[in-house]
Amino acid sequence: MNCKQNQRINQVKETTLVVGIDIGSTTHYARAFDWRGIELGKVFRFSNSREGFDSFRNWMQWLQDKYKKSDVIVGI
């Protein structure tokens, strides 16, 4: 098995919020999961702008606070 893959898997802990983003030219969609793959909240839609990024960052912070997650991993 690939050692780097194991290292990446070991980064995801019970305290990790995992966020996946579907990038679009003007609109992006994000989903958040816990370390087991259970979805936390609903799909979050945000625009390709500074205001959109700020709202995305606030959404992640809100989820971290709500679900008591100290780490975030974002995949695009």
(Q) Which count do you get for residues in segment 1-33 that are closer than 24 Å to residue 70 by Cβ, touching a Phe, Trp or Tyr at 6+ places or on another chain (Cβ under 6 Å) and in a strand (DSSP E or B)? (A) 3
Q: Please indicate, with yes or no, whether at least one residue in segment 34-43 is closer than 19 Å to residue 68 by Cα, in a loop (DSSP other than H, G, I, E, B) and aromatic (Phe, Trp, Tyr).
A: yes
Q.
With the requirement that a residue be surrounded by 13 or more Cβ atoms within 10 Å (Cβ to Cβ) and either out of contact with any Gly (no Cβ under 9 Å at 6 or more places or on another chain) or over 28 Å from residue 53 (Cβ atoms) (or both), what does segment 1-28 give you?
A. 12, 15, 16, 17
Q: Tell me which of these residue 76 doesn't satisfy, since it passes every other one: (1) at pLDDT below 95; (2) surrounded by 10 or more Cβ atoms within 10 Å (Cβ to Cβ); (3) β-branched (Val, Ile, Thr).
A: (2)
Q. (1) open to solvent by less than 40 Å² (accessible area, probe 1.4 Å); (2) touching a residue at least 24 places away in the same chain (Cβ under 8 Å): which one isn't true of residue 70, the others all being true?
A. (1)
(Q) Suppose we filter segment 46-62 for residues that are among the charged types (D, E, K, R) and open to solvent by less than 90 Å² (accessible area, probe 1.4 Å); how many remain? (A) 1
Q.
Need the failing condition index for residue 43 against (1) surrounded by 11 or more Cβ atoms within 10 Å (Cβ to Cβ); (2) in contact with a Lys or Arg (Cβ under 6 Å, 6 or more places away or on another chain); (3) β-branched (Val, Ile, Thr), just the number.
A. (1)
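The values are calculated or read from the model by the stated rules, or taken from the named source; none is laboratory data. The shown structure was predicted, so the numbers you read here are calculated from the model rather than taken from an experiment. Because the Cβ atoms are built from the backbone with ideal geometry, glycine has one as well, and the counts that use them run over all protein chains shown. Note: accessible area is taken over every heavy atom of the protein model, side chains too, but ligands, DNA and RNA are not part of it. Shrake-Rupley method; radii C 1.70, N 1.55, O 1.52, S 1.80 Å.
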